[in-house]
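Chemist: Dropping the structure in here first, questions after.
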């Protein structure tokens, strides 16, 4: 098998910035034909409800039922799926779910609680945190099944206190994945429908005769799902518009090259547009990793996808130092960031932008995908500069609490009135002044 033609870049080369920009380039624009088709599907679902959902499910998934109710999975069916998987799979699901739940319970304590205080004059100010009433989680199906996505979307919603969690998952030709359904059982999903695509997003956003309307839609999907989520935003909330998966490894040369090569593979095997990049100040180590890539690739079942990803969007970058590697990492703002070094805590303070940071040689990104505890739904395509992982806070909203005492009104009233008159809003000013003692 021929060597993998992955880019080799060096930060001390004259054209590095130009090559680096080319490496980073990825268009998030959806194909116009997809946009038009999704718009038509959403309009049809909004207009015809269940009938449209049934029609598109039959057309795209070759899977039909007399009614949408026939596409709903009962809690008993989810339990039966849980019982049908192997004992090892049950143990793995339950162990992963417990770790994910525990992490998000700590997150709830840290940032998801209401609070209030009183001023010296008795005015009460605070924040009331309440969970969303109903959320929809989209779980991909078809080419692959993702029970981990069920856990990562449903469990933080459950911990947040969401009243009802509605799952949609495509089942092409009616083939149901037992592990996905078992994960839904373990994660406490309340209702589940075997529908997918833009029609499923539309059903959740607008509601149909059978599928309830939700307040927010979360979860990954293909280009049609991403386009549909973008279009229904405003009718409902969404978590994010995810791009191709990414991994960036910062290495000092101390980790076995085979480990790092396999970590690069772990993202490249998702799809041809996934991106895997290694930054290292040791040129000899980069050569070792290249050799490990060439040696290990023939053993991978998805070697064609991995090769296409590495050759199309991957890179091995020689840096002047680990400090420079950290600076470049901040420019990329990767979804997954591994710090594969002897002393990862030395570099962690320098890293400001990443969806998740994996510290140390033993912390493979795959552990975070499945069972470490933190959420694996992460910002991509540089959006980690301003976005966060999916979490409890995505399934809550905040209301401000204000209770002004009589004494407080005497202090705040003149301030508000002065500013209101300055804005030309007399009613605002007079509403405040009426409460002043004469």
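The values are calculated or read from the model by the stated rules, or taken from the named source; none is laboratory data. Predicted model, so just to flag it, every value in this text is computed and none were measured. Neighbour counts are summed over all protein chains in view; Cβ atoms, including those assigned to glycine, are modelled from backbone coordinates with ideal geometry.
Chemist: Quick one: is residue 185 surrounded by fewer than 24 Cβ atoms within 10 Å (Cβ to Cβ), over 22 Å from residue 36 (Cα atoms) and in contact with a helix residue (DSSP H, G or I) (Cβ under 8 Å, 6 or more places away or on another chain)?
Modeler: For residue 185, the condition - surrounded by fewer than 24 Cβ atoms within 10 Å (Cβ to Cβ), over 22 Å from residue 36 (Cα atoms) and in contact with a helix residue (DSSP H, G or I) (Cβ under 8 Å, 6 or more places away or on another chain) - is met.
Chemist: Given 401, 419, which one is touching a residue at least 60 places away in the same chain (Cβ under 8 Å) and surrounded by fewer than 15 Cβ atoms within 10 Å (Cβ to Cβ)?
Modeler: Checking each option against the conditions leaves just 401.
Chemist: Moving on to the next point. Name the one entry in 35, 29 that is at pLDDT below 95 and in a helix (DSSP H, G or I).
Modeler: 35
Chemist: Using the structure shown, decide if residue 317 is in contact with a strand residue (DSSP E or B) (Cβ under 7 Å, 6 or more places away or on another chain), crowded, with 19+ Cβ neighbours inside 10 Å and closer than 24 Å to residue 24 by Cα.
Modeler: yes
Chemist: Does residue 230 meet the test of being surrounded by fewer than 19 Cβ atoms within 10 Å (Cβ to Cβ) and under 25 Å from residue 33 (Cβ atoms)?
Modeler: yes
Chemist: Taking the range 117-172 only, how many residues are surrounded by fewer than 19 Cβ atoms within 10 Å (Cβ to Cβ), assigned to a strand (DSSP E or B) and without any contact (Cβ under 8 Å) to a residue 40 or more places away in the chain?
Modeler: Selection size over the range 117-172: 2.
Chemist: Please go through (1) assigned to a loop (DSSP other than H, G, I, E, B); (2) buried (at least 16 other Cβ atoms within 10 Å of the Cβ) for residue 64 and return the number of the only condition it doesn't satisfy.
Modeler: Unmet for residue 64, out of (1) assigned to a loop (DSSP other than H, G, I, E, B); (2) buried (at least 16 other Cβ atoms within 10 Å of the Cβ): (2).
Chemist: Sort through 99, 46 and tell me the only one that's within 16 Å of residue 228 (Cβ to Cβ) and either free of Cβ contacts under 8 Å to residues at least 40 places away in the same chain or not assigned by TED's automatic domain parsing to the domain that holds residue 275 (or both).
Modeler: 46
Chemist: Within the range 266-282, count every residue that is in contact with a strand residue (DSSP E or B) (Cβ under 9 Å, 6 or more places away or on another chain), outside any strand (DSSP E or B) and touching a residue at least 40 places away in the same chain (Cβ under 8 Å).
Modeler: Here the count works out to 4.
Chemist: Now for a separate question. Tell me which of these residue 211 doesn't satisfy, since it passes every other one: (1) without any contact (Cβ under 8 Å) to a residue 60 or more places away in the chain; (2) more than 29 Å from residue 106 (Cα to Cα); (3) in contact with a strand residue (DSSP E or B) (Cβ under 7 Å, 6 or more places away or on another chain).
Modeler: Here residue 211 meets the rest and fails (1).
Chemist: Taking the criterion of being under 27 Å from residue 32 (Cα atoms), modelled with pLDDT of 95 or more and surrounded by fewer than 22 Cβ atoms within 10 Å (Cβ to Cβ), would at least one residue in the range 194-207 satisfy it?
Modeler: There is at least one residue in the range 194-207 that is under 27 Å from residue 32 (Cα atoms), modelled with pLDDT of 95 or more and surrounded by fewer than 22 Cβ atoms within 10 Å (Cβ to Cβ).
Chemist: Taking into account only those residues within the range 10-24 that are touching a helix residue (DSSP H, G or I) at 6+ places or on another chain (Cβ under 9 Å) and in a loop (DSSP other than H, G, I, E, B), which is farthest from residue 314 (Cα to Cα)?
Modeler: 13
Chemist: Given 97, 92, which one is part of a helix (DSSP H, G or I) and surrounded by fewer than 18 Cβ atoms within 10 Å (Cβ to Cβ)?
Modeler: Only one candidate qualifies: 92.
Chemist: Given 351, 390, which one is farther than 18 Å from residue 238 by Cα and in contact with a helix residue (DSSP H, G or I) (Cβ under 8 Å, 6 or more places away or on another chain)?
Modeler: Step by step, each of 351, 390 is checked, and only 351 is farther than 18 Å from residue 238 by Cα and in contact with a helix residue (DSSP H, G or I) (Cβ under 8 Å, 6 or more places away or on another chain).
Chemist: Of all residues in the range 94-129, which are within 30 Å of residue 412 (Cα to Cα) and in contact with a helix residue (DSSP H, G or I) (Cβ under 7 Å, 6 or more places away or on another chain)?
Modeler: Scanning the range 94-129 gives 111, 112, 119, 121, 122, 123.
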